Structure formats: C-alpha cells, structure tokens
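Read the structure below first, then the notes.
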Amino acid sequence: MGHSQADKARSRERILNEAATQIRDAGLDALSIGRLMQRVKLTHGGFYGHFASRSELIAAALEQALAAGEAAAHAARAPDKPVSVNAMARSYLSRTHRDSRKSGCAISALISDVGRADAECRAVMEPHIEAFIAKVAESFGDDDDARATMAVSAMVGALAISRVLTDQKRSDAVLRTVRDAVIAMESDE
C-alpha cells in the first residue's frame, strides 16, 4: 500500500527537523543517514524516496536549521517594536543562547563546518548571513554595512568561542565583553 503525498511530506519534514537538530548539535559531518532514519522511525532505504543524496539532505537540513533559528529569534521579539542593537546583543550573547546549540543560531553553530563544505552548503548559509547583517544595520538605524558586518562577525565569533571554552567564567566573560562592545557601537553613530 502506497503512502499519500501528505504522508510523504510529513515524513520529509520529520527527517529535516531531526537532521537540522543533529547538524546543529554535532556538525555537518556527524550526520549519519542510518541513525537519522532510525530516529524518525523510517527505513534506511526510505531515505532515497525523499532525497537523492546525503549532500542534498545536508543542504536542506542546513536551510531548515537556519530558518528555524531565525523564526525563534523573530518569535522572541515584540512584533510592534523595532529591535534595538542592545536587545539583539543581549539576547544573542547570552548564557541561554550559548547553552542552546541544538536550537539556537545555526550560523554560529555551523559556521566553521559550512566554511569547509561544498559550494551548495555555503550558498545556503550566505543569504542568512547577509540577512543578519541587514537586520543589524536596520537596528543601528543607518546603512553602515561595515559597522553591521563588524557587529555580526563579533557576535557570531563570540558565541562560537564561548561554546568552546570549558571555564564557565571565561566563557561568560567573552560573551559579556563582546556584548558590551556591540552595544557601545550603537552609540558610535
């Protein structure tokens, strides 16, 4: 008995959601099709009914992870108020965000992996980085691309570094130092 298109779409969504969680947590190279399909309770062979290759899955899962992170950030904001750089930096460079690799910003979680990945993966992440820079520029209230690029680079780098450091106090200090510097950039107009 065949599956309906709706069932197939739901299965694909389950696969993508689980793959996105796995790559955020363990990186692009750690994704195992066998383990993934086991986690979503589908057969290994069924994978190829949804994706032509592991590479296609990784690109789609990366897009899913990036979109989910953006949606979570958007949901945390007050819809009727513009987001200040201060609020953005405080949220992005927080202990909660640092400790939420599986659900936080996929850019910071996967930036190094994607930098080493194929052109398809880099092409998936690039517009999300550009959108992040544009959002920060908008929050600064000007079109100073250099300042927004610096702020985003500092925030992504600080979050990534803070996740590496095993000394909690040092990790917190990295977040605090960069958060304060980014907030100070807002008044450098």
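The values are calculated or read from the model by the stated rules, or taken from the named source; none is laboratory data. This one's a predicted model, so the numbers in the text were calculated from it and none came from an experiment. Reconstructed Cβ throughout: ideal geometry from the backbone, glycine too, with neighbour counts over all protein chains shown. Note: areas computed on protein heavy atoms with side chains; ligands, DNA, RNA excluded. Shrake-Rupley method; radii C 1.70, N 1.55, O 1.52, S 1.80 Å.
One line per residue, one yes/no per condition, for (1) surrounded by 12 or more Cβ atoms within 10 Å (Cβ to Cβ); (2) closer than 23 Å to Ala181 by Cβ; (3) of a type in the set (Phe, Trp, Tyr):
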position: Thr43; (1), (2), (3): no, no, no
position: Ser55; (1), (2), (3): yes, no, no
position: Ile58; (1), (2), (3): yes, no, no
position: Ala71; (1), (2), (3): no, no, no
position: Ser84; (1), (2), (3): yes, yes, no
position: Arg90; (1), (2), (3): yes, yes, no
position: Ser94; (1), (2), (3): yes, yes, no
position: Lys102; (1), (2), (3): yes, no, no
position: Gly115; (1), (2), (3): no, no, no
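Counting only residues that are free of Cβ contacts under 8 Å to residues at least 12 places away in the same chain and within 22 Å of the chain's Cα centre (by Cα), which one in segment 158-189 is nearest to Ile111 (Cα to Cα)? Let's see the steps before the verdict.
Let us first name the residues in segment 158-189 that are free of Cβ contacts under 8 Å to residues at least 12 places away in the same chain, namely 164-170, 173, 180, 184, 187.
Pick out the ones that are also within 22 Å of the chain's Cα centre (by Cα) and you get 164-166.
Details: Val164: 14, Leu165: 17, Thr166: 20 Å.
For segment 158-189, the residue satisfying everything is Val164.
The set of residues from segment 117-134 being crowded, with 18+ Cβ neighbours inside 10 Å and outside any helix (DSSP H, G or I) comprises just one member, Ala117. Only residues that are over 18 Å from Arg122 (Cα atoms) and of a type in the set (Gly, Ala, Ser) were counted in segment 27-54, giving 6. So, of the residues in segment 12-34 that are over 22 Å from Ile111 (Cα atoms) and free of Cβ contacts under 8 Å to residues at least 12 places away in the same chain, which turns out to be most open to solvent (accessible area, probe 1.4 Å)? Only one residue tops the list, namely Glu13. Across segment 135-189, the number of residues qualifying as touching a Pro at 6+ places or on another chain (Cβ under 9 Å) and surrounded by 14 or more Cβ atoms within 10 Å (Cβ to Cβ) comes to 2.
Only one of Asp145, Asp172 is among the charged types (D, E, K, R) and under 26 Å from Ile23 (Cα atoms); which?
Details: Asp145 fails: under 26 Å from Ile23 (Cα atoms).
The match here is Asp172.
Here's a check for you: in segment 104-113, which residue that is open to solvent by less than 20 Å² (accessible area, probe 1.4 Å), in a helix (DSSP H, G or I) and of a type outside the set (Ser, Thr, Tyr) is modelled with the lowest pLDDT? Ranking the candidates gives Ala106 first. Selection of helices (runs of 4 or more DSSP H) fully inside segment 12-99 by the criterion of at least 1 residues being closer than 27 Å to Lys169 by Cα and more than 15 Å from the chain's Cα centre (by Cα) returns 85-92, 95-98.
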